[in-house]
Structure formats: structure tokens, C-alpha cells
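Novice: Have a look at this one before I ask anything.
The values are calculated or read from the model by the stated rules, or taken from the named source; none is laboratory data. Keep in mind it's a predicted model, so treat the numbers as computed, not measured. Counting neighbours? That spans all protein chains shown, and the Cβs are built from the backbone with ideal geometry, glycine included. Ligands, DNA and RNA are excluded from the accessible area calculation, which covers all protein heavy atoms including side chains. Shrake-Rupley method; radii C 1.70, N 1.55, O 1.52, S 1.80 Å.
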Amino acid sequence: MRLQHNVSLKPYNTFGIDVSAELFTEVNQINDLAAITESPQHKHILGGGSNLLLTQPVNGLVIHNQLKGITIEKEDDESVWLNVQSGELWHDLVLHAVNNGWGGIENLALIPGTVGASPIQNIGAYGVEAKETIDSVTFWYWKEKTFLTYSNRECAFGYRDSIFKHQLKDKVFITSVVYKLSKKPEYNTSYGALKEELANMGVFELSAKAIAYAVMNIRNSKLPDPKEIGNAGSFFKNPTITRKQYEMLLAKYESIPMYPVSNELIKIPAAWLIERCGWKGFRKGDLGVHAKQALVLVNYGNAKGKDLWKLSDDIVTTVKAEFNIVLEREVQVW
Ligand code: FAD
Ligand code: EPU
């Protein structure tokens, strides 16, 4: 295990926040984990740093995941089970799948970050969530010094949620994920913007590849590229409210968008709430709210994590005052 001291994390987080890690190491092979376990420092696992807000220098040991490899675990006429090491880039996996004609994750093209983070918040986009293809998740359990494999059901997936954000938070290092992909996919084009983009592209015969490229076009048109403007995607989750609450809001705001979750529950786009509070396109120094997507907070240069946190607090306060809805942050805060 090669330990480095006082390493700047600026290149390792998509917000581009410049704070240092007291200690930093890379994991290139699974055997490294046993040695790291013995280190007494507090351990922070870093994938692509695309769902992180760094608000202060990081005390302890930052472990940068570089576990690589994709293998076919098994296959039959209908499906292929891919065993993917957690340090693989998620989008590379999507390209690998669509280039082989395997369906299931094409709607999740261009989501930044690593495979190992995909189960943590059950990444989702354009009508699909990772939980629909995750077969199992294998992790190193620091305390027990052992590997465990959880089935899809044991991961307790929900909207941007899983057991890894609750009972197993900070307790495990996810080492690999098995995805069950389909050789005879049924495509999901339920998301309006996706249907429109496929039509614009002149796609008449659906394929996993065509859907992935349509999703990439949509994402490129509204989400800022972290290489140009620092950001971590959606800063907040979309809130779920009761139908009764929704009906009260509808009486006041007749254009409020909504997505039914169940008979009783309704999801409201947080971007709409934030935009209605006047934040869209806000900029103060290097801090801002993206002009094309109000759910994305941005760093135009040298913003500090704690100032982005303060901005997010101001947004929570105004949305609560206007709509009586409390926004919950999606990003992980260190
Ligand atoms: P990191 O940011 O490095 O880590 C996130 C958390 O997971 C941290 O707490 C970290 O400690 C923990 N962690 C990471 N790897 C492991 C591991 N191997 N074992 C245990 N814990 C680990 N998300 C979506 O769901 N849908 C989207 O459409 C989407 N779009 C985005 C667009 C942009 C432009 C950006 C910047 C982000 C977007 N995101 C989206 C958020 C982000 O890409 C995902 O949450 C992604 O899964 C984070 O992966 P990461 O490797 O960068 O995780
Ligand atoms: N909207 C606004 N103002 C805006 C942007 C959007 O009012 O500035 C409203 C519109 O009504 C629009 C609706 O919000 O129809 C939904 O917008 P969009 O399709 O852009 O999706 P989102 O709800 O803002 C979610 C995910 C994204 C994911 C997209 C596509 C969350 C927290 N975010 O965003 O995930 O890519 O849907 O499926 O669920 C992420 O998690 O980091 C992320 C980017």
C-alpha cells in the first residue's frame, strides 16, 4: 500500500473543490484491502467523486478505487450476467453493454462515476434505475475483515437509496457488482424527452445503442460537463409528497408538474420548486445554480465547498417557506 500525504482532491471530485486529504492511497487489487483494513485512520472511499461535496480538508485516509475488470459470470439464451469490478467507469460499462447488444442499462448512459457507486444511491435516469439490472453486490466488510455478497433484495433499493446509505453506511468497500443484462431486451422509452430525441435522430428500429446515444444527446444539452463547469449532477432529490399536499399546492400553482408514485404519493421535480423560488441561473462569484437545470449547483472556478453548502441551505429555506416542502440533499457531504 503506497501512502501519500496531503494530496489535493481537486482532480478527484467533479465539483473541482480544492481541499486536501491527510492521507491518500489507491486500491488496484482486492488483496490491498486487507492491508488497508489494518490502518487505524478513518477511511473514506472515493470513486469518481461525482456525487460528493467536499466542505473541509479530509482527515484520515482517502482510498481511491481503481479495481478494474469485466467478466461474463454466466449466460443463457436470454441473459448475460456480467461481473464488474467496482473501479470500472460506469459509462464504459454502458458502452460495453450496448456494443454487445445487451440491454438494461442503456438509459443510464453518461452518468459519471464508478460501477461501485451505482448500487449506493441506485443511480437512475430516463425511466430506469440500476436496481432493475443489479443481481448482486459484493463488498469487503471492514469490521469483520471479510467479503459478503448481497442479493438485489438484500440491498433494499429505493429511489436514490439502498442499504449502503443506511445500515452499511461507511462500513463497507463495494468490490464488484453483478448485472443481469438481456440478450432480448424490452426497451424503456417512456420518458417523453427520450421519445422525442429518438424521433429527432430518425431512429425507427430501437436498439440499446440508439437509446444510449439519444440519452447522451439529451444529457449533453442540459447538464453541465464537469470538465467545463464543476458540479455533482442533481444536488437534491425530487421530493415525494402526499396527494392531499399536492392538491393544496395545485390550487395555488396550477402549472406544478408531478409524477404519481402510487395512489397516495406524488413526486414533484425539485428543479421546478427551485426555479419558482428564483434561483435558476443565480450566480455569486464562482457559486451558482445552473442556467439550464435548476437542480444542479455549480462551481464556476474556485468556489469553496462550505459556500456551496450555504447556498444549498438558502435554497432549502426558500423552498420550505414557499411550498412547505423540505428538500433533501442527494450529494454526499465530507
Ligand atoms: P463518489 O462521488 O466517488 O462517491 C459517492 C459516495 O459513494 C461516497 O459516499 C463514497 O464514499 C461512496 N462510494 C463510492 N464508491 C464506493 C465503493 N466502491 N464502496 C463503498 N462506498 C463507495 N446520478 C444519478 O443517479 N443519475 C444521474 O442521472 C446522474 N447524473 C449526473 C450528472 C452529472 C454531470 C454528475 C456530475 C453526476 C450525476 N449523478 C447522477 C451523480 C453521480 O454520477 C452518481 O451518484 C455516481 O454513482 C457517483 O459515482 P462516483 O464513483 O463518482 O461516487
Ligand atoms: N424543471 C424545471 N426547471 C429546470 C429543470 C427542470 O422546472 O430548470 C422541471 C420540468 O418540469 C421538467 C422536470 O423538472 O420536466 C424534470 O426535469 P428533468 O427531466 O431534467 O429531470 P430532474 O427531475 O430534474 C432527474 C434526476 C436526474 C436524471 C434526470 C433524467 C433526480 C434528483 N434527478 O432530474 O439525475 O438524470 O431526472 O431522468 O432524481 C442525478 O441524480 O444527479 C441526476 C442528474
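Novice: For the range 112-119, indicate whether the set of residues that are of a type in the set (A, V, I, L, M) and crowded, with 17+ Cβ neighbours inside 10 Å is non-empty. Talk me through it step by step, then tell me what you get.
Specialist: At the first step, the residues of the range 112-119 found to be of a type in the set (A, V, I, L, M) are 115, 117.
Going one step further and asking which of them are crowded, with 17+ Cβ neighbours inside 10 Å, we end up with 115, 117.
Yes: the range 112-119 contains one or more residues that are of a type in the set (A, V, I, L, M) and crowded, with 17+ Cβ neighbours inside 10 Å.
Novice: Looking at Glu228, Glu275, Glu254, Glu264 in this structure, which one is surrounded by fewer than 14 Cβ atoms within 10 Å (Cβ to Cβ) and within 14 Å of ligand 2 (Cβ to nearest atom)? I'd like the intermediate steps shown before the answer.
Specialist: On the way: Glu228 fails: within 14 Å of ligand 2 (Cβ to nearest atom); Glu275 fails: surrounded by fewer than 14 Cβ atoms within 10 Å (Cβ to Cβ); Glu264 fails: within 14 Å of ligand 2 (Cβ to nearest atom).
The match here is Glu254.
Novice: With the structure loaded, tell me whether Lys184 is farther than 18 Å from Gly124 by Cβ, more than 19 Å from the chain's Cα centre (by Cα), buried (at least 17 other Cβ atoms within 10 Å of the Cβ) and basic (Lys, Arg) or whether it fails that test. Working first, answer last.
Specialist: Numbers: farther than 18 Å from Gly124 by Cβ: yes; more than 19 Å from the chain's Cα centre (by Cα): yes; buried (at least 17 other Cβ atoms within 10 Å of the Cβ): no; basic (Lys, Arg): yes.
Here the answer is no, as Lys184 does not meet what is asked.
Novice: Of the numbered conditions (1) in a loop (DSSP other than H, G, I, E, B); (2) away from ligand 2 (no atom under 16 Å from the Cβ); (3) open to solvent by 40 Å² or more (accessible area, probe 1.4 Å), Trp309 satisfies every one except a single condition; which is it?
Specialist: (1)
Novice: Scan the range 219-249 for residues that are part of a strand (DSSP E or B) and within 16 Å of the chain's Cα centre (by Cα) and report the count. I'd like the intermediate steps shown before the answer.
Specialist: Restricting attention to the range 219-249, the residues satisfying the condition of being part of a strand (DSSP E or B) are 230-231, 236, 240-242.
Checking which are within 16 Å of the chain's Cα centre (by Cα) leaves us with 230-231, 236.
Number satisfying all stated conditions: 3.
Novice: Does the range 76-99 contain at least one residue that is in the same structural domain as Ile123 (by TED's automatic domain parsing), without any contact (Cβ under 8 Å) to a residue 12 or more places away in the chain and more than 19 Å from Thr138 (Cα to Cα)? It would help to see each step written out before you state the result.
Specialist: Here is the first cut: in the range 76-99, the residues in the same structural domain as Ile123 (by TED's automatic domain parsing) are 76-99.
From what's left, without any contact (Cβ under 8 Å) to a residue 12 or more places away in the chain: 76, 92.
Within this subset, residues satisfying the condition of being more than 19 Å from Thr138 (Cα to Cα) are 76, 92.
Within the range 76-99, one or more residues are in the same structural domain as Ile123 (by TED's automatic domain parsing), without any contact (Cβ under 8 Å) to a residue 12 or more places away in the chain and more than 19 Å from Thr138 (Cα to Cα).
Novice: For the range 70-105: of the residues being in a loop (DSSP other than H, G, I, E, B) and within 14 Å of ligand 1 (Cβ to nearest atom), which is nearest to Ala130 (Cα to Cα)? Reasoning before the result, please.
Specialist: So in the range 70-105, the residues in a loop (DSSP other than H, G, I, E, B) come out as 76-78, 86-88, 100-102, 104-105.
Remaining after also requiring within 14 Å of ligand 1 (Cβ to nearest atom): 86-88, 105.
Details: Ser86: 14, Gly87: 16, Glu88: 15, Ile105: 7 Å.
Across the range 70-105, the extreme among qualifying residues is Ile105.
Novice: Glu330 versus (1) away from ligand 2 (no atom under 12 Å from the Cβ); (2) crowded, with 17+ Cβ neighbours inside 10 Å: which is the lone unmet condition?
Specialist: (1)
Novice: Right, something else. Please determine, by comparing only the residues of the range 150-178 that are within 19 Å of Val128 (Cα to Cα) and assigned to a loop (DSSP other than H, G, I, E, B), which one is farthest from ligand 1 (Cβ to nearest atom).
Specialist: Asn152
Novice: Shifting gears a bit: Quick check on the range 193-225: of everything there that is among the polar types (S, T, N, Q) and surrounded by 14 or more Cβ atoms within 10 Å (Cβ to Cβ), which residue is nearest to ligand 1 (Cβ to nearest atom)? I'd like the intermediate steps shown before the answer.
Specialist: In the first step, residues of the range 193-225 are kept if they are among the polar types (S, T, N, Q); the result is 200, 207, 217, 220-221.
Right, trim to surrounded by 14 or more Cβ atoms within 10 Å (Cβ to Cβ) and you get 207, 217.
Values: Ser207: 21, Asn217: 14 Å.
Only one residue tops the list, namely Asn217.
Novice: Out of the range 13-30, which residues are in contact with a Leu (Cβ under 8 Å, 6 or more places away or on another chain), within 14 Å of Leu61 (Cα to Cα) and either among the acidic types (Asp, Glu) or outside any loop (DSSP other than H, G, I, E, B) (or both)?
Specialist: Of everything in the range 13-30, those that are in contact with a Leu (Cβ under 8 Å, 6 or more places away or on another chain), within 14 Å of Leu61 (Cα to Cα) and either among the acidic types (Asp, Glu) or outside any loop (DSSP other than H, G, I, E, B) (or both) turn out to be Ser20, Ala21, Glu22, Leu23, Phe24, Thr25, Val27.
Novice: Within the range 246-303, work out how many residues are out of contact with any strand residue (DSSP E or B) (no Cβ under 6 Å at 6 or more places or on another chain), polar (S, T, N, Q) and within 16 Å of ligand 1 (Cβ to nearest atom).
Specialist: Residues meeting the conditions: 1.
Novice: Let me ask something additional. With Lys320, Lys292 as the choices, which residue is in a loop (DSSP other than H, G, I, E, B) and either among the charged types (D, E, K, R) or open to solvent by 80 Å² or more (accessible area, probe 1.4 Å) (or both)? If you could, list the steps in order and put the result at the bottom.
Specialist: Values: Lys320 fails: in a loop (DSSP other than H, G, I, E, B).
On inspection, the qualifying residue turns out to be Lys292.
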